[in-house]
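The values are calculated or read from the model by the stated rules, or taken from the named source; none is laboratory data. On a predicted model such as this, the values are computed, not experimentally measured, just so you know. Virtual Cβ from ideal backbone geometry, glycine too; neighbours counted across all protein chains shown. Areas reflect the complete protein model, heavy atoms only, side chains present, ligands, DNA and RNA absent. Shrake-Rupley method; radii C 1.70, N 1.55, O 1.52, S 1.80 Å.
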Amino acid sequence: MNFFNIKKLILIAIMVVLPFCSDVFAAKNMQHKEPVKISLSNIEIKKLIELFSKIEKKNILIPTQIKGKISFISSSPVYKDEIFEILLNVLSTKGYTVVKDGNFLKIVRLIEATRNNLKVYKPKDYISGRGEMITKQIAVNNSQVSILSIKVRQYLSKTGRIVTIKENNTLLVSDYPKNIKTIEKIISLIEKNREKVVEFLELKYAKLSDMLTQARSISKALFNQTIAYNRIQILQNKELNGLILIGLKKNVQKLKKELVKLDKEKIKEEEVTKIISLKNIDAKSAYQTLSQIIAKRKYKDHSEKPSISYSKEINAIILIGNPEVIEPIKMTLIELDKEKYQVYVQAKIIEISDSKAKQVGIKYGLGGGTGSSSSILTFASNFGSSALVLPDGIKLDDLVDTNNLSINLALGAAISFLESNGASKTISNPSVLCVNNLASSIYVGKNKSFLVGKTTNSSGTTTNYQREDIGLTLKVKPRVASKDKVALQVNTILENVDQGDTNTNADRPTTTKQEVKTQVIVSNGESIIIGGLIETRETLQKQKIPLFGDIPLLGGLFRHKYDTNEKKSIAIILTPYIIEKSSSLGKLQHFLAVYGQMQEQYNKKMFKKIEGRVKKETSTKSSPSGENISEDPFFSGFRDR
């Protein structure tokens, strides 16, 4: 007998047996659907229990007396399987229910029903029985039982119970069969919607790391990430050059479809040559920076690595390679070649005699007056009471803050006032235009000759000299922090010949060196004072009595010589101006020219105000004897100066 004949016989047998089985199941089902003639009008609950026992032929244990009567109005036939539902509803109104205990039924209190050794059903067991309370184990695969139990708890009866078993992720539900079936259906729907799959996507053309990044970004865009089961876990497998996608089947398939579209073969473009002229940076330094970037970058194919060189003559970078690879390098170069900030630094180097500055302060009743930075600022505060008036056509919005300009004018007036009274002397007014982050230097001094040795031979003596720079060196390195702030790295060196050293020969003098290094952050257009460079000079002073001091031989009796030490301070005033674009340089120069005129007008106004105040005070103050205080020798000494 061949295979097809056997298959044919099996089909015939199924067709013969199947109707017979259907009749058996139908007969069993009809047994419960058999109509029953009953009258439930104002009968006692106990009678109802007895009626059910007779119909079902079941023994029922009633541990306690249940009182009460009920009536059941029926407009249609009542079937045998509905009698038990009626009994359960009646008993529940009295706080009781029916549980199975071996071969008989037992009536117990509702609150104690789950403690009466209810029949336990496994996850795949079919629930049989008339509807008495049971316990059913429900397996959960795709959800956490602790969270799931909270969601289905509302479908329990008042006395139903749920126990979660985290070890095997299952629920134990004790309740009426119909409630348990409802909970099973809900869990089944939730589980079906959360069933995860694992799929592998092999990449043919795309780079694995790039595709991984894109896949995660697309997943976040397509699926709501606030819903946990919507998320797709994306892993990479370097050995197989592919992605592993774990998530809901529909989500995984949707994401996989989009990724397949991206994994297309790229048409290799021909190499091109790009010559990029530079405007603001040196081609050699740009070449060194780009070479480091290209060397560190990883390429899927080594042939994609571009070639780079530079030309000094035209100050340009030359790139050769795939246009797609060259483009990001070109964009980097454009950023590097952006016009840099420039800083125009004005310097004013002044020498202040401390003793004379103090005399000026006493004479005019002004505070400060020494060479230190704090004293100069204190002295300058006496000149800052005048309101600032700008000439027509001058706007400071993009040049310097108005408040800084007022302070600068007051400081300039104070320095000029000291100089006009012989207390200070301007050594130099240099200025330098610095490129951001590049150091610039200013030197003010002399080139002097120093004896280094003598050579004596038959022809005579030869003297050897060496020339050295002696003076002030100022090095400034700006770093623009913003459009309004600049950090200055300042190095000041003051070298000089020690005039007070009497132990050395004139051709071999002792030199002094003072150095100050500092870093400051100042606002655009704000002046800062760097002090601390102090020099003490010893001078020989002569005094004599007129006529008598000139008598030969005897004149020495009427003359007097003495040494004085005069302390002089070197103060350096720096004012930086930030230049964002080269086109703003002309505007700044025009402003500085006008600013010089403003300073002169400001000085005249303030000098007149201070001198007028001193004259007024001098004329009104008199001694107790009626003599004018201005005749005091103490003040006359200052007046003679």
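Of everything listed in (1) part of a strand (DSSP E or B); (2) of a type in the set (S, T, N, Q); (3) surrounded by 12 or more Cβ atoms within 10 Å (Cβ to Cβ), the single unmet condition for Ser416 is (1). Of all residues in region 193-216, exactly one satisfies the criterion of being of a type outside the set (A, V, I, L, M), open to solvent by less than 70 Å² (accessible area, probe 1.4 Å) and more than 30 Å from Val140 (Cα to Cα), namely Ser209. If you check Glu202, Glu191 for being of a type in the set (Asp, Glu) and within 28 Å of Lys122 (Cβ to Cβ), only one passes: Glu191. Right, Lys254: within 21 Å of Leu203 (Cα to Cα) and surrounded by fewer than 14 Cβ atoms within 10 Å (Cβ to Cβ) or not? Answer is no for this residue.
Condition check ((1) in contact with a strand residue (DSSP E or B) (Cβ under 8 Å, 6 or more places away or on another chain); (2) under 18 Å from Ser277 (Cβ atoms); (3) touching a residue at least 40 places away in the same chain (Cβ under 8 Å)) across all residues:
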{"residue": "Ser291", "(1), (2), (3)": "yes, no, no"}
{"residue": "Ile294", "(1), (2), (3)": "yes, no, no"}
{"residue": "His302", "(1), (2), (3)": "no, no, no"}
{"residue": "Lys305", "(1), (2), (3)": "yes, no, no"}
{"residue": "Ala316", "(1), (2), (3)": "yes, yes, yes"}
{"residue": "Ile320", "(1), (2), (3)": "yes, yes, yes"}
{"residue": "Pro323", "(1), (2), (3)": "yes, no, yes"}
{"residue": "Lys330", "(1), (2), (3)": "yes, yes, yes"}
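Residues that are β-branched (Val, Ile, Thr) and either in contact with a Leu (Cβ under 6 Å, 6 or more places away or on another chain) or in a helix (DSSP H, G or I) (or both) within region 244-275 comprise Ile244, Val252, Val260, listed in sequence order. Look through region 562-586, keep the residues that are surrounded by 13 or more Cβ atoms within 10 Å (Cβ to Cβ) and among the charged types (D, E, K, R), and return whichever of them is modelled with the lowest pLDDT. So, considering only residues that are surrounded by 13 or more Cβ atoms within 10 Å (Cβ to Cβ) and among the charged types (D, E, K, R), the one modelled with the lowest pLDDT is Glu566. Name the single residue that is most open to solvent (accessible area, probe 1.4 Å) among those in region 151-182 being within 16 Å of Lys124 (Cα to Cα) and within 50 Å of the chain's Cα centre (by Cα). This residue is Asn168. Out of all the residues in region 305-319, is one or more in a helix (DSSP H, G or I) and open to solvent by 10 Å² or more (accessible area, probe 1.4 Å)? No.
Cβ-Cβ distances below 6 Å connect the following pairs, each with a first residue in region 198-214 that is touching a residue at least 60 places away in the same chain (Cβ under 8 Å), a second residue that is open to solvent by 90 Å² or more (accessible area, probe 1.4 Å) and not basic (Lys, Arg), and a separation of six or more residues or different chains: Tyr205/Glu265.
Mind counting the residues in region 295-304 that are among the hydrophobic types (A, V, I, L, M, F, W, C) and part of a loop (DSSP other than H, G, I, E, B)?
Count: 0.
Against the conditions (1) touching a Phe, Trp or Tyr at 6+ places or on another chain (Cβ under 6 Å); (2) touching a residue at least 40 places away in the same chain (Cβ under 8 Å), Ser449 satisfies every one except (2). When Val345, Val325 are checked against the criterion of being under 23 Å from Leu585 (Cβ atoms), of a type outside the set (Gly, Ala, Ser), open to solvent by less than 20 Å² (accessible area, probe 1.4 Å) and not in a loop (DSSP other than H, G, I, E, B), Val345 stands alone in meeting it. Candidates Ile234, Ile275: the one that is open to solvent by less than 60 Å² (accessible area, probe 1.4 Å) and modelled with pLDDT of 85 or more is Ile234.
In region 220-243, the condition of being assigned to a strand (DSSP E or B) and in contact (Cβ under 8 Å) with a residue 40 or more places away in the chain is met by at least one residue. Could you please find all residues in region 419-447 being aliphatic (A, V, I, L, M), open to solvent by 40 Å² or more (accessible area, probe 1.4 Å) and under 29 Å from Met606 (Cβ atoms)? Within region 419-447, just Ile427 meets the criteria. Criterion applied to Ser440, Ser449 was being farther than 30 Å from Ser355 by Cα, among the hydroxyl-bearing types (Ser, Thr, Tyr) and at pLDDT 80 or above, and the one residue passing it is Ser440.
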